[in-house]
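One structure is given here, and the rest of the page talks about it.
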Amino acid sequence: MAEITASLVKELRERTGAGMMECKKALAENNGDIDAAAEALRKSGAAKADKKADRVTAEGRIGVALNGGKAVLVEVNSETDFVANDVNFKAFVDAVAAAALASGASDIESLKSAKLATGETVEESRTTAIQKLGENIQIRRLAKVDGNNTVGAYVHSNGKIGVLVDLAGGNAELANGLAMHVAAMNPPHNKAADVPAEFVAKEKEIELAKMSEKDKAKPAEILEKIISGKINKIISEVTLYGQNYVLDSDKTVEQAVKAAGGDVVGFQRLVVGEGIEKVVEDYAAEVAKAMQV
(Lines give C-alpha, C1' and ligand atoms only; values in the text may rest on other atoms or scores of the structure.)
Protein backbone atom coordinates (compact mmCIF):
# COMPACT_ATOMS: atom_id res chain seq x y z
CA MET A 1 0.00 0.00 0.00
CA ALA A 2 1.35 3.44 -0.93
CA GLU A 3 2.36 5.74 1.91
CA ILE A 4 -0.25 8.40 2.67
CA THR A 5 1.85 11.49 3.38
CA ALA A 6 0.71 14.73 4.96
CA SER A 7 1.58 16.60 1.76
CA LEU A 8 -0.60 14.23 -0.28
CA VAL A 9 -3.53 14.78 2.10
CA LYS A 10 -2.95 18.54 1.94
CA GLU A 11 -2.93 18.48 -1.87
CA LEU A 12 -6.19 16.52 -1.98
CA ARG A 13 -7.80 18.92 0.52
CA GLU A 14 -6.86 21.93 -1.60
CA ARG A 15 -8.12 20.20 -4.71
CA THR A 16 -11.48 19.02 -3.36
CA GLY A 17 -12.25 21.17 -0.31
CA ALA A 18 -13.06 18.00 1.69
CA GLY A 19 -12.07 17.52 5.33
CA MET A 20 -8.66 16.16 6.34
CA MET A 21 -9.98 12.82 7.62
CA GLU A 22 -12.16 12.36 4.52
CA CYS A 23 -9.11 12.98 2.29
CA LYS A 24 -6.94 10.61 4.28
CA LYS A 25 -9.60 7.87 4.13
CA ALA A 26 -10.15 8.37 0.38
CA LEU A 27 -6.41 8.11 -0.30
CA ALA A 28 -6.13 4.98 1.82
CA GLU A 29 -9.06 3.36 0.02
CA ASN A 30 -7.51 4.19 -3.37
CA ASN A 31 -3.94 3.13 -2.60
CA GLY A 32 -2.62 6.71 -2.60
CA ASP A 33 -3.92 7.48 -6.10
CA ILE A 34 -4.88 11.14 -5.77
CA ASP A 35 -6.95 11.23 -8.97
CA ALA A 36 -8.99 8.19 -7.93
CA ALA A 37 -9.36 9.64 -4.41
CA ALA A 38 -10.58 12.96 -5.82
CA GLU A 39 -13.14 11.15 -7.97
CA ALA A 40 -14.32 9.12 -4.97
CA LEU A 41 -14.73 12.29 -2.91
CA ARG A 42 -16.66 13.91 -5.73
CA LYS A 43 -19.03 10.94 -5.86
CA SER A 44 -19.37 11.03 -2.10
CA GLY A 45 -20.09 14.75 -2.29
CA ALA A 46 -22.79 14.18 -4.90
CA ALA A 47 -24.42 11.62 -2.63
CA LYS A 48 -24.35 14.06 0.26
CA ALA A 49 -25.77 16.77 -1.99
CA ASP A 50 -28.66 14.49 -2.94
CA LYS A 51 -29.44 13.87 0.74
CA LYS A 52 -29.53 17.61 1.44
CA ALA A 53 -31.51 18.52 -1.69
CA ASP A 54 -34.88 18.77 0.07
CA ARG A 55 -33.71 21.16 2.78
CA VAL A 56 -35.17 24.66 2.54
CA THR A 57 -32.70 27.27 1.26
CA ALA A 58 -34.11 30.71 2.03
CA GLU A 59 -30.83 32.48 2.85
CA GLY A 60 -27.92 33.24 0.53
CA ARG A 61 -26.48 36.03 -1.60
CA ILE A 62 -26.87 37.85 -4.89
CA GLY A 63 -23.88 37.80 -7.21
CA VAL A 64 -23.25 40.26 -10.03
CA ALA A 65 -20.98 40.37 -13.06
CA LEU A 66 -20.91 42.90 -15.88
CA ASN A 67 -18.96 43.81 -18.96
CA GLY A 68 -20.00 46.73 -21.14
CA GLY A 69 -23.66 46.44 -22.03
CA LYS A 70 -23.93 42.92 -20.62
CA ALA A 71 -24.63 42.09 -16.99
CA VAL A 72 -26.05 39.29 -14.87
CA LEU A 73 -27.42 38.77 -11.39
CA VAL A 74 -27.57 35.33 -9.81
CA GLU A 75 -29.33 34.32 -6.61
CA VAL A 76 -27.55 31.49 -4.81
CA ASN A 77 -29.29 30.12 -1.73
CA SER A 78 -28.07 28.43 1.43
CA GLU A 79 -29.90 27.12 4.47
CA THR A 80 -28.46 29.62 6.98
CA ASP A 81 -27.17 33.16 7.01
CA PHE A 82 -24.03 31.84 8.70
CA VAL A 83 -23.04 29.95 5.55
CA ALA A 84 -24.20 32.83 3.33
CA ASN A 85 -21.52 34.97 4.98
CA ASP A 86 -18.77 32.36 4.69
CA VAL A 87 -15.87 33.45 2.48
CA ASN A 88 -16.04 30.20 0.51
CA PHE A 89 -19.74 30.68 -0.21
CA LYS A 90 -19.15 34.29 -1.29
CA ALA A 91 -16.36 33.14 -3.62
CA PHE A 92 -18.68 30.49 -5.10
CA VAL A 93 -21.42 33.07 -5.74
CA ASP A 94 -18.94 35.41 -7.47
CA ALA A 95 -17.63 32.53 -9.59
CA VAL A 96 -21.16 31.53 -10.63
CA ALA A 97 -21.97 35.11 -11.65
CA ALA A 98 -18.77 35.31 -13.71
CA ALA A 99 -19.58 31.99 -15.39
CA ALA A 100 -23.11 33.15 -16.17
CA LEU A 101 -21.79 36.27 -17.88
CA ALA A 102 -19.02 34.49 -19.78
CA SER A 103 -21.23 31.63 -20.97
CA GLY A 104 -24.23 33.75 -21.93
CA ALA A 105 -26.47 31.27 -20.09
CA SER A 106 -30.12 32.29 -20.23
CA ASP A 107 -31.49 29.98 -17.54
CA ILE A 108 -30.38 27.95 -14.54
CA GLU A 109 -30.27 24.63 -16.39
CA SER A 110 -27.82 25.93 -19.00
CA LEU A 111 -25.82 27.69 -16.29
CA LYS A 112 -25.21 24.38 -14.48
CA SER A 113 -23.03 23.14 -17.34
CA ALA A 114 -21.10 26.41 -17.72
CA LYS A 115 -17.41 26.24 -16.86
CA LEU A 116 -15.78 28.16 -14.03
CA ALA A 117 -12.26 29.54 -14.22
CA THR A 118 -11.09 26.39 -12.38
CA GLY A 119 -12.33 24.18 -15.22
CA GLU A 120 -15.14 22.69 -13.13
CA THR A 121 -18.73 23.09 -14.22
CA VAL A 122 -21.00 25.20 -12.02
CA GLU A 123 -22.86 22.04 -10.95
CA GLU A 124 -19.64 20.23 -10.01
CA SER A 125 -18.54 23.24 -7.98
CA ARG A 126 -21.94 23.41 -6.27
CA THR A 127 -21.60 19.78 -5.18
CA THR A 128 -18.13 20.49 -3.81
CA ALA A 129 -19.45 23.55 -1.95
CA ILE A 130 -22.21 21.44 -0.34
CA GLN A 131 -19.62 18.93 0.81
CA LYS A 132 -17.35 21.63 2.18
CA LEU A 133 -19.97 23.85 3.85
CA GLY A 134 -22.37 21.13 5.02
CA GLU A 135 -25.58 22.74 3.78
CA ASN A 136 -27.92 22.48 0.83
CA ILE A 137 -26.91 25.08 -1.76
CA GLN A 138 -29.11 25.95 -4.71
CA ILE A 139 -28.69 28.33 -7.65
CA ARG A 140 -32.21 29.69 -7.82
CA ARG A 141 -32.51 32.57 -10.28
CA LEU A 142 -30.71 34.39 -13.07
CA ALA A 143 -31.44 37.88 -14.36
CA LYS A 144 -29.57 39.47 -17.24
CA VAL A 145 -29.23 42.51 -19.47
CA ASP A 146 -27.71 41.84 -22.87
CA GLY A 147 -27.59 44.83 -25.18
CA ASN A 148 -25.67 47.92 -26.17
CA ASN A 149 -27.05 50.29 -23.56
CA THR A 150 -25.51 51.57 -20.35
CA VAL A 151 -26.03 49.11 -17.50
CA GLY A 152 -26.39 50.11 -13.88
CA ALA A 153 -25.61 47.33 -11.39
CA TYR A 154 -25.93 47.37 -7.62
CA VAL A 155 -25.77 44.74 -4.89
CA HIS A 156 -26.51 45.91 -1.37
CA SER A 157 -23.74 45.56 1.22
CA ASN A 158 -25.48 42.61 2.90
CA GLY A 159 -25.65 40.75 -0.43
CA LYS A 160 -29.41 40.30 -0.14
CA ILE A 161 -30.64 42.71 -2.83
CA GLY A 162 -29.38 43.05 -6.39
CA VAL A 163 -30.52 45.33 -9.22
CA LEU A 164 -29.76 45.79 -12.92
CA VAL A 165 -30.91 48.88 -14.82
CA ASP A 166 -30.94 49.03 -18.63
CA LEU A 167 -30.43 52.70 -19.55
CA ALA A 168 -30.47 54.02 -23.12
CA GLY A 169 -28.41 57.20 -23.29
CA GLY A 170 -27.50 58.90 -20.03
CA ASN A 171 -24.28 57.82 -18.36
CA ALA A 172 -22.82 55.18 -16.04
CA GLU A 173 -23.14 57.39 -12.95
CA LEU A 174 -26.86 57.84 -13.53
CA ALA A 175 -27.38 54.15 -14.32
CA ASN A 176 -25.69 53.10 -11.07
CA GLY A 177 -27.62 55.71 -9.12
CA LEU A 178 -30.88 54.39 -10.56
CA ALA A 179 -29.89 50.85 -9.56
CA MET A 180 -29.41 52.06 -5.99
CA HIS A 181 -32.80 53.80 -6.16
CA VAL A 182 -34.57 50.63 -7.32
CA ALA A 183 -32.88 48.65 -4.54
CA ALA A 184 -34.09 51.12 -1.92
CA MET A 185 -37.56 52.04 -3.21
CA ASN A 186 -38.63 48.84 -4.99
CA PRO A 187 -40.93 50.37 -7.63
CA PRO A 188 -43.26 47.69 -9.08
CA HIS A 189 -43.29 49.35 -12.52
CA ASN A 190 -41.02 51.43 -14.73
CA LYS A 191 -43.33 54.08 -16.24
CA ALA A 192 -47.01 55.04 -16.01
CA ALA A 193 -47.73 53.19 -19.27
CA ASP A 194 -46.53 49.98 -17.61
CA VAL A 195 -49.14 50.09 -14.83
CA PRO A 196 -51.89 47.53 -15.57
CA ALA A 197 -55.30 48.98 -16.48
CA GLU A 198 -56.91 46.60 -13.96
CA PHE A 199 -54.85 48.16 -11.16
CA VAL A 200 -55.87 51.69 -12.18
CA ALA A 201 -59.56 50.72 -12.41
CA LYS A 202 -59.44 49.12 -8.96
CA GLU A 203 -57.76 52.16 -7.41
CA LYS A 204 -60.40 54.44 -8.94
CA GLU A 205 -63.09 52.26 -7.43
CA ILE A 206 -61.41 52.42 -4.02
CA GLU A 207 -60.91 56.20 -4.13
CA LEU A 208 -64.53 56.73 -5.14
CA ALA A 209 -65.74 54.54 -2.27
CA LYS A 210 -63.63 56.58 0.20
CA MET A 211 -65.21 59.90 -0.86
CA SER A 212 -67.97 61.56 1.13
CA GLU A 213 -71.50 61.78 -0.25
CA LYS A 214 -71.02 65.55 -0.53
CA ASP A 215 -67.97 65.12 -2.80
CA LYS A 216 -69.74 62.43 -4.85
CA ALA A 217 -72.54 64.91 -5.56
CA LYS A 218 -70.17 67.34 -7.27
CA PRO A 219 -70.38 67.80 -11.07
CA ALA A 220 -68.95 64.89 -13.07
CA GLU A 221 -66.04 66.91 -14.49
CA ILE A 222 -65.00 68.09 -11.00
CA LEU A 223 -65.32 64.58 -9.60
CA GLU A 224 -63.19 63.23 -12.44
CA LYS A 225 -60.45 65.79 -11.72
CA ILE A 226 -60.40 64.87 -8.03
CA ILE A 227 -60.19 61.15 -8.78
CA SER A 228 -57.56 61.68 -11.50
CA GLY A 229 -55.38 63.66 -9.09
CA LYS A 230 -55.49 60.84 -6.55
CA ILE A 231 -54.78 58.21 -9.19
CA ASN A 232 -51.83 60.17 -10.59
CA LYS A 233 -50.35 60.32 -7.09
CA ILE A 234 -50.75 56.57 -6.67
CA ILE A 235 -49.17 55.91 -10.08
CA SER A 236 -46.20 58.10 -9.18
CA GLU A 237 -45.68 56.01 -6.05
CA VAL A 238 -45.67 52.66 -7.90
CA THR A 239 -43.49 53.68 -10.86
CA LEU A 240 -39.77 54.32 -11.06
CA TYR A 241 -40.29 57.42 -13.20
CA GLY A 242 -42.84 58.91 -10.79
CA GLN A 243 -40.84 58.50 -7.59
CA ASN A 244 -38.59 61.19 -6.15
CA TYR A 245 -35.00 60.30 -6.99
CA VAL A 246 -33.20 59.16 -3.84
CA LEU A 247 -29.95 60.85 -4.89
CA ASP A 248 -31.68 64.15 -5.68
CA SER A 249 -35.02 64.44 -3.89
CA ASP A 250 -35.79 67.75 -5.62
CA LYS A 251 -36.36 65.80 -8.85
CA THR A 252 -38.42 62.85 -9.89
CA VAL A 253 -36.54 59.98 -11.49
CA GLU A 254 -38.11 60.94 -14.82
CA GLN A 255 -36.76 64.49 -14.53
CA ALA A 256 -33.28 63.24 -13.60
CA VAL A 257 -33.22 60.74 -16.47
CA LYS A 258 -34.45 63.22 -19.08
CA ALA A 259 -32.00 65.88 -17.88
CA ALA A 260 -29.20 63.41 -18.65
CA GLY A 261 -30.64 62.61 -22.07
CA GLY A 262 -31.52 59.06 -21.07
CA ASP A 263 -34.41 56.61 -21.06
CA VAL A 264 -34.85 53.66 -18.74
CA VAL A 265 -35.60 50.63 -20.91
CA GLY A 266 -36.21 48.43 -17.88
CA PHE A 267 -34.85 47.11 -14.62
CA GLN A 268 -34.63 43.84 -12.70
CA ARG A 269 -34.50 43.40 -8.93
CA LEU A 270 -33.73 40.21 -7.02
CA VAL A 271 -34.10 39.75 -3.27
CA VAL A 272 -32.69 36.66 -1.58
CA GLY A 273 -35.37 34.21 -0.53
CA GLU A 274 -38.38 36.20 -1.74
CA GLY A 275 -41.32 33.88 -2.23
CA ILE A 276 -39.72 31.04 -0.24
CA GLU A 277 -41.51 29.97 2.92
CA LYS A 278 -38.90 29.86 5.66
CA VAL A 279 -38.92 27.01 8.17
CA VAL A 280 -39.20 28.32 11.74
CA GLU A 281 -37.36 25.96 14.04
CA ASP A 282 -38.86 25.37 17.51
CA TYR A 283 -35.70 24.35 19.31
CA ALA A 284 -37.40 24.10 22.72
CA ALA A 285 -39.91 21.60 21.33
CA GLU A 286 -37.11 19.71 19.59
CA VAL A 287 -35.12 19.39 22.80
CA ALA A 288 -38.22 18.37 24.77
CA LYS A 289 -38.97 15.68 22.20
CA ALA A 290 -35.40 14.39 22.36
CA MET A 291 -35.59 14.20 26.17
CA GLN A 292 -38.64 11.92 25.93
CA VAL A 293 -36.89 9.38 23.72
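The values are calculated or read from the model by the stated rules, or taken from the named source; none is laboratory data. Just so we're clear, the structure is a prediction, and the values are computed from it rather than from any experiment. Here the Cβ is made from the backbone with ideal geometry for all residues, glycine too, and neighbour counts use every protein chain on show. Remember, those area values only see protein heavy atoms, side chains included, never the ligands or the DNA or RNA. Shrake-Rupley method; radii C 1.70, N 1.55, O 1.52, S 1.80 Å.
Per-atom-type breakdown for the chain gives carbon and sulfur 52% of the accessible area (1.4 Å probe, protein chains only). The relative contact order of the chain, computed from alpha carbon pairs under 8 Å that lie at least 6 residues apart in sequence, is 18 percent. Past 21 Å, Cα to Cα: identify those pairs from Lys70/Lys132; Lys24/Lys112; Lys202/Lys258; Lys202/Lys225, in the order given. Table pairs above 21 Å Cα-Cα are Lys70/Lys132; Lys24/Lys112; Lys202/Lys258. The distance between label points at Ala6 and Ser110 comes to 4.9 nm (points 7 Å beyond Cα on the Cα→Cβ vector). Could you pull out every residue, at least 5 positions away or on a different chain, whose amide H is within less than 5 Å of the one on Gly266? Hs are placed 1.01 Å off N in the peptide plane, and Pro or chain starts have none. HN-HN under 5 Å from Gly266: Asp166. Taking Val195, Val155 and ordering them by how much accessible surface each has at a 1.4 Å probe, largest first, produces Val155, Val195.
Available extension along the chain between Thr118 and Glu29 is 29.4 nm, counting 0.36 nm per residue and deducting the alpha carbon span. Computed from Cα positions, the angle between helix 87-103 and the longest principal axis of the chain comes to roughly 70 degrees. What the chain shows is 55 Å² of accessible area per residue, with the surface traced by a 1.4 Å probe over protein heavy atoms.
Residues whose amide H lies under 5 Å from that of Gly32, counting only those 5 or more places away or on a different chain, are absent; hydrogens are built 1.01 Å from N in the peptide plane.
Between Ala175, Ala71, Ala193, the residue with the greatest mean-square fluctuation in the GNM of the chain (Cα pairs under 10 Å linked by springs) is Ala193.
Taking Cα atoms only, the orientation of helix 172-185 departs from the longest principal axis of the chain by about 90 degrees.
Mind checking which of Ile130, Ile235, Ile34 has the largest fluctuation in a GNM of the chain, springs on alpha carbons under 10 Å? Taking springs between Cα atoms under 10 Å, the residue moving most is Ile34. Angle of helix 122-133 to the longest C-alpha principal axis of the chain, folded into 0 to 90 degrees and rounded to 10: 70°.
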